Amino acid sequence: MNQTPTRIRPTRSARRHLLAAFALGVAAIAAPLHAQGSTPIKTVASFSILGDLVQQVGGDRVQVDVLVGPGSDAHVFQPTPAQARVVGQARVVFANGLGFEGWMDRLLRTATYKGQQVVVSKGIQPLKEAHDEDHGRDHGRKDHGHTHGETDPHAWQSVANVKVYVKNIAQGLCRADAAGCDSYDRNAQAYLSRLDALDSEIRAAWSAVPAEQRKVITSHDAFGYYARDHGVRFLAPQGVSTESEASAKGVAQLVRQIRQEQIRALFVESISDPRLIEQIARETGTRPSGALYSDSLSAPGGEASTYIDMMRFNTRALTAAVLAR
């Protein structure tokens, strides 16, 4: 015998629950995909300092792969096939520019990269390296407006320049991910406020140091922008790239200058071979003051694992060294 199925009519309460569930389902569909745990957009940053800046602006909407990681030297970097594959899958590739990543164009061609490229230094006024064999390489003199020499790519050593970087990063992410633009802009504005506070902190630290004591020896010429901003005289046996060779004449002149001017703040850099600085220390009777972070962050959890931490660490180390003479 055929039986007609019994239709069960939902109660008024059940209908309310069904409507509520339907509304939640519609809201979930309408919500941005990212809010439901979708994969963040893939980005690549050329080196660790830039990777931190991209992460600060991108937040959890982005995945940042760094090519030249903490403790490594971008000047002598050689990309691997695995890194080329990572670049090929990225939606945005961020580079410093100013000649810092001499390998970048070749890497993009190898990866057959079709995404967006962002040069974060766009819009800053670059410095030029001085070539003065009689005084080593001096990157803190008053004649820093010279136009000869190689472009100094280390623009991130100026907080004011990094504010330009942050704005360029936010614009690049907005072009790649319009739905997240409000988030990127909010993150950028919050980080810019932190950079303003950092800049004030660094200037206050140097205000306690007499101008005639602001003399520092470093491994390579990486602190020209910091020198310009804070009136510090940096001298280095190597040029703006760690690939450059320090001449015997230049080192000898630098040793004489250290003795004559009684410079006591002498630093190695985290990415550099310390032997040349150790040689200069022996010849001048000067004890090295420690290490600075120029082109790379420290490992995660270390003393300079973010850009802000790096600038604070360097400033504390520098001011302590020049005041201890």
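The values are calculated or read from the model by the stated rules, or taken from the named source; none is laboratory data. The model shown is predicted, which means the values in this text are computed figures rather than measured ones. Cβ placement follows ideal geometry from the backbone for every residue including glycine, while neighbour counts extend to all protein chains displayed.
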- [ ] Write out, first by first residue and then by second, each pair whose Cβ atoms fall under 9 Å of each other, whose residues are 6+ apart or on separate chains, and whose first residue, in the range 172-192, is within 20 Å of K42 (Cβ to Cβ) while the second is part of a helix (DSSP H, G or I) and at pLDDT below 95.
- [x] D177/H34; A179/L33; A179/H34; G180/H34; S183/H34
Open item on the list: I'd like to check something: does the range 194-216 contain any residue that is out of contact with any Ser or Thr (no Cβ under 6 Å at 6 or more places or on another chain), in contact (Cβ under 8 Å) with a residue 40 or more places away in the chain, polar (S, T, N, Q) and on the phi < 0 side of the Ramachandran plot?
Closed with: yes
- [ ] Could you tell me which residue of the range 55-74 is nearest to the chain's Cα centre (by Cα), considering only residues that are farther than 18 Å from S298 by Cβ and in a helix (DSSP H, G or I)?
- [x] V57
Open item on the list: Suppose the filter is modelled with pLDDT under 95, part of a helix (DSSP H, G or I) and surrounded by fewer than 17 Cβ atoms within 10 Å (Cβ to Cβ); does A35 pass it?
Closed with: yes
Open item on the list: With the requirement that a residue be out of contact with any helix residue (DSSP H, G or I) (no Cβ under 8 Å at 6 or more places or on another chain) and modelled with pLDDT of 95 or more, what does the range 61-77 give you?
Closed with: Q63
Open item on the list: Exactly one of these conditions fails for A82: (1) over 21 Å from M311 (Cα atoms); (2) small (G, A, S); (3) at pLDDT below 95. Give me its number.
Closed with: (3)
